[in-house]
Amino acid sequence: MINNHINYIEFKAKDLNAIKEFYNTAFHWTFVDYGPDYIAFAGSGLDGGFERTEEEVVNGALTVLYHEDLALAKQQVIDAEGTIVKDVFSFPGGHRFHFADPSGNELAVWSDK
């Protein structure tokens, strides 16, 4: 590991089973259960986890995923019952869209294609 590089990311989730289903269906992530209140994920490019919470999820950081086929990624999010919160738009260097997962975490997917 390298100092000062992002090594792990955590999110909150109200329903860990729904979160696993969403990210597995949309992005093929894999999960390891660590008790009833925490799951770790892998296969995303950066390992992380979801902690179960009863509180309202407030997203403090935008995590951005990369996909070479933005239209395919968007359709996979929709098929997994995610919500598109900002449709595809251009920015210097590429295009991206924002989505919310079943617990309300907002993420983005970008492409340089």
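Where a number appears in this text, it was derived from the coordinates with a stated rule and is not lab data. From a predicted model like this one, the values you see are computed outputs, not experimental measurements. Neighbour counts run over all protein chains shown; Cβ positions are idealised from the backbone, glycine included.
Okay, helix-only estimate at 222 nm for the chain: each DSSP H run of n ≥ 4 adds -39500 (n - 2.57), divide by all residues, round to 500 deg cm²/dmol; what do you get?
Numbers: 2 runs with 22 residues, N = 113.
The per-residue figure over the chain is -6000 deg cm²/dmol.
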Ranked output for segments 31-44, 93-106, 71-84 by mean other Cβ atoms within 10 Å, highest leading, reads 93-106, 71-84, 31-44
Whole-Å distance linking the alpha carbon centroid of region 1-21 with that of region 65-97 is 20 Å
FRET efficiency for Asn7 and Lys86 from the Cβ-Cβ distance with R0 = 35 Å, rounded to 0.05, comes out at 0.80
Between Arg52 and Gln75, Cβ-based FRET efficiency (R0 25 Å, step 0.05) works out to 0.30
Amide H contacts under 5 Å for Lys12, restricted to residues at least 5 apart in sequence or on another chain and with H modeled in the peptide plane, are Glu51
Along the dipole axis of region 22-113 (charges at Cβ: +1 for Lys and Arg, -1 for Asp and Glu; origin at the Cα centre), the most positive-end residue among Tyr38, Thr53, Phe97 is Phe97
Rounded to whole angstroms and listed largest first, the alpha-carbon spread of region 3-100 along its three principal axes comes to 41, 36, 25
Rounded to the nearest 5, the percent of antiparallel DSSP beta bridges in the chain equals 70 percent
